[in-house]
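Let me begin by presenting the structure, written as structure tokens, before commenting on it.
Every number in this text was worked out from the coordinates using simple rules, so none of it is lab data. Keep in mind it's a predicted model, so treat the numbers as computed, not measured. Using ideal geometry, Cβ is built from the backbone for each residue, glycine included, and neighbour counts are taken over all protein chains shown.
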Amino acid sequence: MSRIFNFSAGPSMLPTEVMAKAQQEFVNWKNTGSSVMELSHRSPEFMAVAAQAEADLRELMQIPTNYKVLFCHGGGRGQFSAVPLNLLTSGKSADYIVSGSWSIAAVKEASNYGEINIIDISDTKKPKGKRVTSVIEPSRWPLNPDAAYVHYCPNETVDGVEIFELPDTKGVPIVADMSSTILSRTIDVTKYGLIYAGAQKNIGPSGLTLVIVREDLLGNAQSTTPCIMNYQSLADYGSMYNTPPTYAWYLAGLVFQWLKQMGGVEAIAKVNQEKAELLYRYIDDNAFYSNNIKTDYRSLMNVPFWLADESLNSKFLEEAEQAGLMALKGHRSVGGMRASIYNAMPIEGVEALVNFMNVFAQKHSL
Ligand SMILES: *Cc1c(COP(=O)(O)O)cnc(C)c1O
């Protein structure tokens with residue numbers, strides 16, 4: 001059967017070329033007579049795969065040498081615990097910016113490990129339980145100059161809200177949950193103390209989590225920190241304190257190579273911009289659909305939209321599936337539809353979606 005376009009928020013599409021290569025190498029990797037999945041993580045062969053993946057990521061994101069790259073378990077949510085366990089020490093509190101569902105989830109978890117100062121930047125006129133449609137710009141965030149760190153989520157996957165500017169924290173380390181935006185556009189890594197991301201959106205299959213952390217932030221973990229969450233021990237062991245998710249690491253490496261062949265982050269960012277513009281423009285120009293998030297904060301990766309007549313929702317999803325457009329149902333907390341258009345979604349997928357939306361609107365507008 002032919003491949004469909006999958007708009008899932010995660011796990012999400014992987015580049016077809018990557019999967020074809022993985023398939024070709026699956027049983028007999030580089031003539032070793034063995035799958036890469038069957039190799040010891042400490043074998044020279046796997047160590048080379050691991051090192052190459054890290055080198056390619058460093059090149060793609062221009063990660064300076066005073067940052068460690070850690071390949072971890074536990075997903076984005078694992079980092080909701082690992083970040084405070086490692087960084088929330090010496091009696092300080094941490095600032096947590098709240099801009100939607102994922103940043104709220106991060107607050108809940110972090111509150112178990114220390115004092116959290118919640119800074120709600122979602123539009124204040126928003127009725128309780130309603131969707132976030134705008135946020136306060138970073139220059140106006142009321143930050144604590146003595147905080148251990150500032151945590152925020154640049155792209156709220158559920159709400160479809162993305163923050164493109166950074167606050168000036170006057171030296172307080174910025175910690176960013178980039179699970180759904182990493183590698184989608186260029187960023188200046190030196191502006192961050194720590195970046196983390198679950199792999200299943202823009203990096204590879206689930207089961208792997210990336211942490212990029214400035215070296216001076218290591219070594220102060222709370223004494224109860226589990227060893228597999230301790231950045232210092234992970235760094236000391238080259239992310240192999242215990243058995244890492246080797247196959248996911250290998251696949252992430254293939255995705256990094258694919259991204260390099262596509263021209264790197266700057267090149268994919270242009271495509272991402274085009275994809276998002278195409279979709280938002282269509283939504284804005286058609287009364288049948290809406291997205292009321294303030295233009296400056298619209299996500300390039302996750303595009304929620306609503307049908308003017310919500311009674312047509314299930315019909316929309318059914319007919320979309322028949323057209324080969326999958327997983328467009330919005331998150332249960334915000335309803336409507338959501339198109340996640342990560343790096344691996346080709347522009348053809350967004351074109352097919354817009355065409356389908358147009359046909360559907362014409363058919364049901366009467
Ligand atoms: C998906 C996601 C998470 C959670 O990731 P898990 O790997 O499922 O724990 C956290 N933060 C953001 C922004 C996400 O998009």
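Rounded, prolate or oblate: pick one for the range 292-366, where a ≥ b ≥ c are the square roots of the eigenvalues of its C-alpha gyration tensor, a/c under 1.5 means rounded, and failing that, prolate if a/b is larger than b/c, else oblate.
On the way: a/c = 1.58, a/b = 1.19, b/c = 1.33.
Oblate is the answer for the range 292-366, as a/c is 1.5 or above yet b/c matches or exceeds a/b.
Given the Cα-Cα distance of Glu319 and Val189 and 0.36 nm per residue of separation, how much length would full extension add, in nm?
Values: separation 130, 0.36 × 130 = 46.80 nm, distance 4.23 nm.
Here the segment from Glu319 to Val189 would lengthen by 42.6 nm.
I need Trp141, Trp102, Trp249 ordered by Cβ neighbour count within 10 Å, fewest first. Could the numbers behind the result be given before it?
Working: Trp141 17, Trp102 21, Trp249 24.
With the fewest neighbours first, Trp141, Trp102, Trp249 line up as Trp141, Trp102, Trp249.
If the only charges are +1 at each Lys and Arg Cβ and -1 at each Asp and Glu Cβ, what is the size of the charge dipole of the chain around the Cα centre, to the nearest 20 debye? Display every interim value, and only then the final one.
Numbers: 31 positive and 37 negative charges, 90 e Å.
Dipole of the chain, to the nearest 20 debye: 440 debye.
Residues with beta-carbon under 12 Å from that of Glu109, excluding Glu109: net charge, scoring Lys, Arg +1 and Asp, Glu -1?
Taking every other residue near Glu109 into account, the sum is +1.
Take the alpha carbon gyration tensor of the range 141-244, find the square roots of its eigenvalues, order them as a ≥ b ≥ c, and report rounded if a/c is under 1.5; if not, report prolate when a/b exceeds b/c, else oblate. All intermediate terms of the calculation are to be shown ahead of the outcome.
Details: a/c = 2.06, a/b = 1.16, b/c = 1.78.
Verdict is oblate for the range 141-244.
Going toward the positive end of the dipole of the chain, with +1 on Lys and Arg Cβ and -1 on Asp and Glu Cβ, which of Gln23, Tyr231, Ile4 do you reach last?
Most positive-ward Cα: Ile4.
Could you tell me, in Å, what Rg and Dmax come out for the Cα atoms of the chain?
21.0, 66
Given the C-alpha centroids of the range 152-196 and the range 287-344, what is the distance between them in whole angstrom?
Answer, in whole Å: 24.
Please arrange Val161, Val265 by how many other C-beta atoms lie within 10 Å of their C-beta, fewest to most. Don't jump to the answer; show the numbers that get you there.
Working: Val161 28, Val265 22.
In order of increasing Cβ crowding within 10 Å: Val265, Val161.
If you find the alpha carbon centre of the range 1-48 and of the range 224-259, how far apart are they in angstrom?
Centre-to-centre (Cα) distance: 17 Å.
With unit charges on the beta carbon (Lys/Arg positive, Asp/Glu negative), name the residue among Trp141, Leu278, Asn343 whose Cα is farthest towards the positive pole of the charge dipole of the chain.
Towards the positive end, the residue furthest out is Trp141.
Taking the mean number of other Cβ atoms within 10 Å as a proxy for protection, how do you rank 147-160, 214-227 from highest to lowest?
Values: 147-160: 25.6, 214-227: 14.4.
The densest-packed peptide leads the list: 147-160, 214-227.
Please state the relative contact order of the chain as a whole percent: Cα pairs under 8 Å, 6+ residues apart?
With pairs under 8 Å counted, the relative contact order is 23 percent.
Would you work out which of Ala106, Asn313, Ile163 lies farthest towards the positive end of the dipole of the chain? Charges go on Cβ: Lys and Arg +1, Asp and Glu -1.
Towards the positive end, the residue furthest out is Asn313.
Cα-based Rg of the range 228-347 per 2.2 N^0.38 Å, rounded to two decimals? List each step's numbers first, then the result.
Numbers: Rg = 19.2 Å, N = 120, 2.2 N^0.38 = 13.6 Å.
Taking the Cα Rg and dividing by 2.2 N^0.38 Å, one obtains 1.41.
Using a cut-off of 11 Å between beta-carbons, work out the net charge of the residues near Ser81 (Lys and Arg +1, Asp and Glu -1, Ser81 not included).
Details: positive: Arg77, Lys108; negative: Glu109.
It works out to a net charge of +1.
Assuming 0.36 nm per residue, please report the length gained on full extension of the stretch Asn220 to Lys260 beyond their Cα-Cα distance. Walk me through the numbers before you get to the answer.
Working: separation 40, 0.36 × 40 = 14.40 nm, distance 3.53 nm.
Going from the current span to full extension adds 10.9 nm.
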